[in-house]
1. For segment 299-307, check the following and say yes or no: at least one residue is within 16 Å of the ligand (Cβ to nearest atom), among the charged types (D, E, K, R), more than 45 Å from the chain's Cα centre (by Cα) and under 20 Å from residue 397 (Cβ atoms).
2. Kindly check whether there is at least one residue in segment 22-32 that is surrounded by 14 or more Cβ atoms within 10 Å (Cβ to Cβ), over 22 Å from residue 162 (Cβ atoms) and of a type outside the set (Lys, Arg).
3. Please work out which one of (1) assigned to a helix (DSSP H, G or I); (2) surrounded by 15 or more Cβ atoms within 10 Å (Cβ to Cβ) is the condition residue 71 fails and give its number.
4. Find the residue count for segment 379-430, including only residues that are over 14 Å from residue 362 (Cβ atoms), touching a helix residue (DSSP H, G or I) at 6+ places or on another chain (Cβ under 9 Å), more than 8 Å from the ligand (Cβ to nearest atom) and without any contact (Cβ under 8 Å) to a residue 60 or more places away in the chain.
5. Select from segment 142-158 the residues that are in contact with a Phe, Trp or Tyr (Cβ under 9 Å, 6 or more places away or on another chain) and either among the hydrophobic types (A, V, I, L, M, F, W, C) or surrounded by 18 or more Cβ atoms within 10 Å (Cβ to Cβ) (or both) and list them in ascending order.
6. Name the strands (runs of 3 or more DSSP E) wholly within segment 314-430 that hold at least 1 residues that are under 26 Å from residue 287 (Cα atoms) and aromatic (Phe, Trp, Tyr)?
7. Regarding segment 337-357, can at least one residue be identified that is under 24 Å from residue 260 (Cβ atoms), within 8 Å of the ligand (Cβ to nearest atom) and touching a residue at least 24 places away in the same chain (Cβ under 8 Å)?
8. For segment 92-119: of the residues being of a type in the set (A, V, I, L, M, F, W, C) and in a helix (DSSP H, G or I), which is surrounded by the fewest Cβ atoms within 10 Å (Cβ to Cβ)?
Amino acid sequence: MKIIGGISIFLLTAIMLLQVSWLNSMRNTKLHEFQEKSSSLLQRSINDFLDAEFMYPQHTFSCSMLDNHIFHWKDTSVHISSPTEFHFMLQQVLYDHLYKNQLLNLQRLDSIYKQQLSRQGITDTPVLYLKNEIDETILQTHAQSTHRTVRTNPVKVGYEYKHTIVALFHKPPFFHDTFWHLILEFIFLGSFTGCLLWQLQMTKNKLQTAKIQSMGIAHLEHELRKPLATLINITHDWIIQEKPSDKKILELIHARLLKISDVTEMMLFALKQDELKIERTPIDIRQELETTVSMFRLLKKHARIDYQIREDINQPLLDNVYFSCVVANLIDNGIKYNKKPKPEVRIYFEKEAGNWILRVEDNGIGIPSKAFNRIFRQFYRIEDKRTYSKTGFGLGLAFIKKVTDAYKGSITIKSIQEQGTVFTIKFPCI
Ligand code: ADP
């Protein structure tokens, strides 16, 4: 199971990493393509712009060609060998002329560039920057925008000035698409891995629970049924033969053992069932609590056990077997998980907002809050050196939970380490 889980997680992680690196490289390629395209369009736009400026009648600009291969402008003469070179030189010196005479209109270049871009399906509005030799901005088309982070290659302009023009774009749309794609991919794979782990954990828990459960029930049968049967027989013989002098005590022990035997049978029956069936009958709550408490007073002489019932309560409709088991289990735990020389357990029975309330308080070792949910699982026992020596099967609270669920009631716990625990159980009155 662990190996399959490990391999699946490894494969999922590998797929995820491959996806991420593939998306990332695709994004970089796309970004590079975008930069190349917008840069070449910028170059073309600058050429078109300068050609258009040359034809502009207001610009009094002159240059000449000497002997077909000497380009002459003001005091500058450059040797050229082709019409392309001539065109290039013309554009450079025209730029110098425009810049020097403050005739450079960057907005005109901007509108040409936008037209070129939109013809290629790019609708973003870039900002154009004119920069000097030391990369300082001299002119720009819009106010500074921090959101534009994708820049074109700089295009050189000017013969004397050696300026550059650069355009800045927002991140192109595919950039966002891939970003969200990546996020969705992560969410999908994350939830998939989560589900897989959860499934593995559930299967593991189920297997473990089934194993513990069958072991525990077998243990319970072996440990309780047999000794109880033996004890019942012995005490029964003693009573008949009138062997020990204090017959009353023996009778009481015998009666209690019979009750414990009943309870054991009941618990075994209950644990083998998924749901309990409650048969409500009017019970004499005073007598019920008195019987249970006096049994513990007799068996646990060092402990102090009190109970209190609200006066107006008489015969609540509860069942007469499971209810006393719940009380007995809580008293037993309150004394068992207690380090005080005189353990104290107080039981309260009240009525509140349509519920019977059974509250059992003890001054024991307390229960850590992180174990509150777990202690109701069958066969769960808190792993603590203070409770190692205490006998138990981890069934008492599981049983109490089953009974409470059958009543459609609820259990709450309040506990402070080394000070005590309060179990409050609500049984709806119907
Ligand atoms: P058991 O007592 O047989 O172990 P329970 O289901 O009654 O089984 O209790 C489960 C665990 O909860 C116990 O092992 C114990 O650690 C803890 N526990 C239950 N009741 C108390 C209590 N009143 N005070 C402290 N710990 C308790």
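1. Yes, some residue in segment 299-307 is within 16 Å of the ligand (Cβ to nearest atom), among the charged types (D, E, K, R), more than 45 Å from the chain's Cα centre (by Cα) and under 20 Å from residue 397 (Cβ atoms).
2. Of segment 22-32, the ones surrounded by 14 or more Cβ atoms within 10 Å (Cβ to Cβ) are 23, 27, 30-31.
Of the ones still in play, those that are also over 22 Å from residue 162 (Cβ atoms) are 23, 27, 30-31.
From what's left, of a type outside the set (Lys, Arg): 23, 31.
Yes, segment 22-32 contains a residue that is surrounded by 14 or more Cβ atoms within 10 Å (Cβ to Cβ), over 22 Å from residue 162 (Cβ atoms) and of a type outside the set (Lys, Arg).
3. (1)
4. 4
5. Correct list: 150, 152, 157, 158.
6. Values: elements: 344-352, 355-362, 410-416, 420-428.
Fully inside segment 314-430 and qualifying: 344-352, 355-362, 420-428.
7. Going through segment 337-357, the residues under 24 Å from residue 260 (Cβ atoms) turn out to be 337-338, 343-347, 349.
From what's left, within 8 Å of the ligand (Cβ to nearest atom): 337-338.
Retained after the next criterion (residues that are touching a residue at least 24 places away in the same chain (Cβ under 8 Å)): 337-338.
So far as segment 337-357 goes, yes, one or more of its residues are under 24 Å from residue 260 (Cβ atoms), within 8 Å of the ligand (Cβ to nearest atom) and touching a residue at least 24 places away in the same chain (Cβ under 8 Å).
8. If we filter segment 92-119 for residues that are of a type in the set (A, V, I, L, M, F, W, C), which is where we start, we get 93-94, 98, 103-104, 106, 109, 112, 117.
Then keep just the ones that are in a helix (DSSP H, G or I); that gives 93-94, 98, 106, 109, 112, 117.
Working: 93: 21, 94: 23, 98: 21, 106: 16, 109: 24, 112: 19, 117: 21.
Looking at residues that are of a type in the set (A, V, I, L, M, F, W, C) and in a helix (DSSP H, G or I), I get 106.
Throughout, read-outs are computed from the coordinates displayed, never taken from laboratory work. Predicted model, so just to flag it, every value in this text is computed and none were measured. Here the Cβ is made from the backbone with ideal geometry for all residues, glycine too, and neighbour counts use every protein chain on show.
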